[in-house]
Amino acid sequence: MELQQQHLDAVLLAALRAAPRRYRLPPLPANAEAAVAGGTEAALAFAIEAARIEKASPASSPGHDAMQALFTRALAQLIREALAPERGDPAFQAAMLQAQDAAVHEHVQLSRQRAADRRSVRMAVDAIAHPGKLRREPAGALRDALARLHGLAAAGAWTELAQAIEQLLAQELPGPGNFQAPLEAIRSSPALQRLERGSELLRLESVQRYQALCERRGPLAGSDAAAAEGRASAQQGRIAEHAAVEAFRKIADSLNRHRKGAATYRVARGLRTPRGFPGEANKAKEEWDGAIVRGDGNGAADLVLLAETKASPAAATSDFPRLLRGLRRLAQAHAEAVYAFASADGEQRILGASLQGLRPIRRLLPPHVIYCCSAPLEALPQPLGAATKAVLLAEPASLAFAQQLARGEAPSHAALAPVWNALATAPRLQSALHQYETAQKARAAMLHPDDLLASVERGLHPS
């Protein structure tokens, strides 16, 4: 049976609304007593949401003092749990060690420029001791010494490199080249001195303990394990995108079989916002994983579905603010204009009036903008995200509270009141303040591609 395109658009929209939300976040506890009974994370999430409601509508919020006490007690318990030697939070323990130990703090500071320092020293050594250059030097003690410098720099043996340069400078080796000045420059360079100091610090027990904690929280940046983890994550993302695109193609084919008229539905992967598009990028999303557009293939098309793909439900929460900014920018399109979007499926010419319909209302996504996820169903989604826990634990008052506990003291949970007070005002805590609302809205817009496909088929073939 052929249907008018307006009816088919309505069928797709109804299917999007009716598709089950298997990743939806459970509601928060009904009251403070239930929140306490639900455990530390439930109590914190409940209190944070109360703080957000109070900021938005003071008259309708629960008692401020009671919520502050609930929050500080729960945060104190979270800190105690994070300090547990075996089952605690290694990232928090590492941060606390950095705050307590001057050598660890120095190690962290030096680590931030270690990669640049390594490049600088190796380039300087290469300038005089690269094997290609040494082939032009006569065989002998000087060439052997320079070759050793190159090997030490390549191995990252910075203390040994500095000592070898000093020894070479103290000798009177025969040779036509004048290596005195470049060798002295390398030896006195701040980069080599920082690398030497970094090597010294790595021998300290406290720094080794810090390194072990960092390894427990995940592979170190730049390591083979980190590279392998990145490849695995990218593969999961590709699998999720493939599942979503296959579902979109089946949906487009089904809609096309029922259409009446020349306009056809087609899938576009990797839509990229054109250069010079109205509005400012301002950390807004500029590439969109998948879309379904409707048009005749020659003129402009309407965008009828826009999707972002995530390998896990939790990943949408951190992405949601950027997605909203991207939609607000797209909605600034001029209604009568046509915009050429590059995509993996060729240029897509999309009507500005169609893009204007992407504007979010009260931080809610339009019904034809979704997240797609094909991950297994979570056993019990947590109301408090890992990023929010990390932000709360990183607060100065939290670290000070933890240090008192580590010294065997018994600080009052009221010492954590500065964290509660900052929740409503400090920009650094805004993501934490809105964390449940953001996760709730992102997950409410998240569909499994199989569920969406089945919902469209039910709409096209009602029993």
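The values are calculated or read from the model by the stated rules, or taken from the named source; none is laboratory data. Here the structure is a predicted model, which means the values were calculated and not measured. Note: ideal-geometry Cβ built from the backbone for every residue, glycine included; neighbour counts use all protein chains shown. Areas reflect the complete protein model, heavy atoms only, side chains present, ligands, DNA and RNA absent. Shrake-Rupley method; radii C 1.70, N 1.55, O 1.52, S 1.80 Å.
Numbers at a glance
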quantity	calculated
Any hit, the range 28-38, residues being within 25 Å of Pro367 (Cβ to Cβ) and either open to solvent by 50 Å² or more (accessible area, probe 1.4 Å) or in a loop (DSSP other than H, G, I, E, B) (or both)	yes
Residue in the range 112-130 that is closer than 30 Å to Ala414 by Cβ and of a type in the set (Ser, Thr, Tyr) present	no
All positions within the range 308-322 that are among the aliphatic types (A, V, I, L, M) and either modelled with pLDDT of 95 or more or open to solvent by 10 Å² or more (accessible area, probe 1.4 Å) (or both)	Ala311, Ala314, Ala315
Answer from Ala50, Ala91 - the residue that is assigned to a helix (DSSP H, G or I) and either open to solvent by less than 30 Å² (accessible area, probe 1.4 Å) or touching a strand residue (DSSP E or B) at 6+ places or on another chain (Cβ under 8 Å) (or both)	Ala50
Members of the range 273-285 that are surrounded by fewer than 17 Cβ atoms within 10 Å (Cβ to Cβ) and either charged (D, E, K, R) or not assigned by the TED database to the domain that holds Leu323 (or both)	Arg275, Glu280, Lys283
Verdict on Ala262 being within 30 Å of Leu355 (Cβ to Cβ), among the small types (Gly, Ala, Ser) and at pLDDT 80 or above	no
Scope the range 421-459; condition of a type in the set (A, V, I, L, M, F, W, C), under 24 Å from His258 (Cα atoms) and buried (at least 18 other Cβ atoms within 10 Å of the Cβ); matching residues	Leu447, Leu452, Leu453, Val456
Residue match in the range 69-82 (condition: without any contact (Cβ under 8 Å) to a residue 12 or more places away in the chain and open to solvent by 40 Å² or more (accessible area, probe 1.4 Å))	no
Those strands (runs of 3 or more DSSP E) lying entirely in the range 325-420 with at least 2 residues loosely packed, with under 14 Cβ neighbours inside 10 Å and not assigned by the TED database to the domain that holds Gly237	none
Selection within the range 238-272 - part of a helix (DSSP H, G or I), in contact with a Ser or Thr (Cβ under 6 Å, 6 or more places away or on another chain) and either small (Gly, Ala, Ser) or surrounded by fewer than 18 Cβ atoms within 10 Å (Cβ to Cβ) (or both)	Ala240, Ala243, Ala244, Asn256
Residue check, Gln211 assigned to a helix (DSSP H, G or I), under 30 Å from Gln93 (Cβ atoms) and open to solvent by 60 Å² or more (accessible area, probe 1.4 Å)	no
Residue under evaluation Ile292, criteria (1) surrounded by 15 or more Cβ atoms within 10 Å (Cβ to Cβ); (2) over 27 Å from the mean Cα position of the chain (by Cα), criterion not met	(2)
Filter result (part of a loop (DSSP other than H, G, I, E, B) and open to solvent by 50 Å² or more (accessible area, probe 1.4 Å)) within the range 94-131	Arg112, Gln113, His130
Given (1) under 18 Å from the mean Cα position of the chain (by Cα); (2) at pLDDT 90 or above; (3) not β-branched (Val, Ile, Thr); (4) not in a helix (DSSP H, G or I), number of the condition Phe277 does not satisfy	(1)
Hits in the range 395-430 (condition: of a type in the set (Gly, Ala, Ser) and touching a Ser or Thr at 6+ places or on another chain (Cβ under 7 Å))	Ala414, Ala417
